[in-house]
Amino acid sequence: MRALVYYGARDIRVSEVEEPEPGKGDVLIRVIACGICGSDVHGYLGITGRRIPPMIMGHEFTGIVADTGEDVNDISKGDRVTVYPTRFCGSCSFCKTGLTNLCINRTVLGVMDVNGAMAEYVVVPKNTIIKLPNNIDPIQGTMLEPLGVVYRAVKNAPNILNNSVLIAGAGTIGLLLLQLVKLAGANPVIVTDINESRLDIAKKLGADIVLDPEREDIKDALSKLNIDGVDVAFEAVGAESSVNQVLNSVKNRGTSILIGNSQRDITVNMQNIVTRELKIFGSYTYTIEEFKATMDVINRIDTESIISKVISLEESPRVFEELAQKSSNLLKVVIRLD
Ligand SMILES: [Zn+2]
Ligand SMILES: [Zn+2]
């Protein structure tokens, strides 16, 4: 089969590889479409250590069941599906309480050395398969994965209704967050990014205020609104500057939710956290139940404005480089395999 194989930093090529075979309890899926995640681009650059070559990336995808292994009963050839990309054990203390995202034995498709869905076929365990409802098309369906991330973060956030929210980063996650917090009744919603075209999309998708933190002071913008900081702030970049932006934007006793996961070590002002009694927590992917819940949410939001383009597998090495160089204003790019 054809697959996009990651061979090392900035070296990704379409190669002919052996088609995987479904073992007991596994399902073979013919991939229809797979989104390129920001984490895949970081992996491509070889800086995070979370993609171990040679391997195939891809965890945001939809497809059709092509074959089933032994001991698979309620899934049939031809089913349109999407996949919860975390392989979880089901028996650890976290799985037992439903926190499959925190399973201590988890592996993630298309991460580390686990082959993912930027290929014609991928094998996944049966308990991670979710049938794709008829009202979700396969390209739109690739957005269920990032939507899951956002769904969990908003669900875990405190009192958003009629409260002020700041979102740092207007990439795919930030723009999905914007729409979910608006649906949850947040007001006003401020979105920050250093890319003007992303801010334009945020404005179009309902942001009350958009601003570039390198050009405009957030504190000034907040004081114009007569607020001493926002109630809740989400960090959707994963960098020191945006984490600090979030911590500085919340009001005393405000909540910061960290979603971005890129830079490992950062410096923060601890006195700012202690003397203002700030609340900070991380939000990591989503549980399988939350993933199922996104099926009912996706048609209430605009995903088309976030998908910049749909490309072929052959075009994808060039687009990876384009995404890495940030040379164009691409947001989500989806690889179409059929
Ligand atoms: Zn992702
Ligand atoms: Zn587990």
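Some notes on this structure:
- For beta carbons closer than 6 Å, sequence separation of 6+ or different chains, a first residue in the range 22-38 that is farther than 26 Å from Ile307 by Cβ and a second that is small (Gly, Ala, Ser) and not in a strand (DSSP E or B), the qualifying pairs are Pro22/Gly69; Gly23/Gly69; Lys24/Gly69; Asp26/Gly69.
- Against the list (1) touching a residue at least 40 places away in the same chain (Cβ under 8 Å); (2) acidic (Asp, Glu); (3) in a loop (DSSP other than H, G, I, E, B), the condition Glu277 fails is (1).
- Residues that are crowded, with 17+ Cβ neighbours inside 10 Å and within 11 Å of ligand 2 (Cβ to nearest atom) within the range 64-98 comprise Thr86, Arg87, Phe88, Phe94, Cys95, listed in sequence order.
- From the list Ser328, Ser241, Ser308, the lone residue that is touching a strand residue (DSSP E or B) at 6+ places or on another chain (Cβ under 7 Å) and among the polar types (S, T, N, Q) is Ser308.
- Residues satisfying the stated conditions in the range 104-129, i.e. more than 19 Å from Gly23 (Cβ to Cβ) and more than 18 Å from the chain's Cα centre (by Cα): Ile104
- Residues of the range 291-338 classified as within 16 Å of the chain's Cα centre (by Cα), under 22 Å from Leu205 (Cβ atoms) and in a helix (DSSP H, G or I), total: 4
- Hey, Arg106 under 30 Å from Ala324 (Cα atoms), basic (Lys, Arg), within 16 Å of ligand 2 (Cβ to nearest atom) and in the same structural domain as Ile136 (by TED's automatic domain parsing) or not: yes
- Enumeration of residues in the range 49-73 that are more than 21 Å from Leu337 (Cα to Cα) and in contact (Cβ under 8 Å) with a residue 40 or more places away in the chain: Arg50, Arg51, Ile52, Pro53, Gly69, Glu70, Asp71, Val72
- Filter pass, Asn101 being within 16 Å of ligand 1 (Cβ to nearest atom) and touching a Phe, Trp or Tyr at 6+ places or on another chain (Cβ under 7 Å): yes
- Test result for Gly25, farther than 30 Å from Val237 by Cα, out of contact with any Ser or Thr (no Cβ under 6 Å at 6 or more places or on another chain) and within 16 Å of ligand 2 (Cβ to nearest atom): yes
- Strands (runs of 3 or more DSSP E) contained entirely in the range 129-208, each with at least 1 residues that are in contact with a strand residue (DSSP E or B) (Cβ under 6 Å, 6 or more places away or on another chain) and within 14 Å of Ala236 (Cβ to Cβ): 165-168, 189-192
- Those residues of the range 56-82 which are within 16 Å of ligand 1 (Cβ to nearest atom) and either of a type in the set (D, E, K, R) or out of contact with any Gly (no Cβ under 8 Å at 6 or more places or on another chain) (or both), in sequence order: Glu60
- Residue identified as outside any helix (DSSP H, G or I) and over 26 Å from Gly35 (Cα atoms) among Val237, Val268: Val268
- Selection within the range 1-16: residues that are in contact with a Lys or Arg (Cβ under 8 Å, 6 or more places away or on another chain) and in contact (Cβ under 8 Å) with a residue 40 or more places away in the chain. The member of this set that is farthest from Ile307 (Cα to Cα) is Tyr7.
- Every pair of residues 6+ apart whose Cβ atoms lie under 6 Å, when the first sits in the range 248-263 and is over 14 Å from Gly174 (Cβ atoms) while the second is of a type in the set (Lys, Arg): Asn252/Arg276; Thr255/Lys279
The values are calculated or read from the model by the stated rules, or taken from the named source; none is laboratory data. None of the values given here were measured: they were computed from a predicted structure. Every residue, glycine as well, gets a Cβ built from its backbone with ideal geometry; the counts of neighbours run over all protein chains shown.
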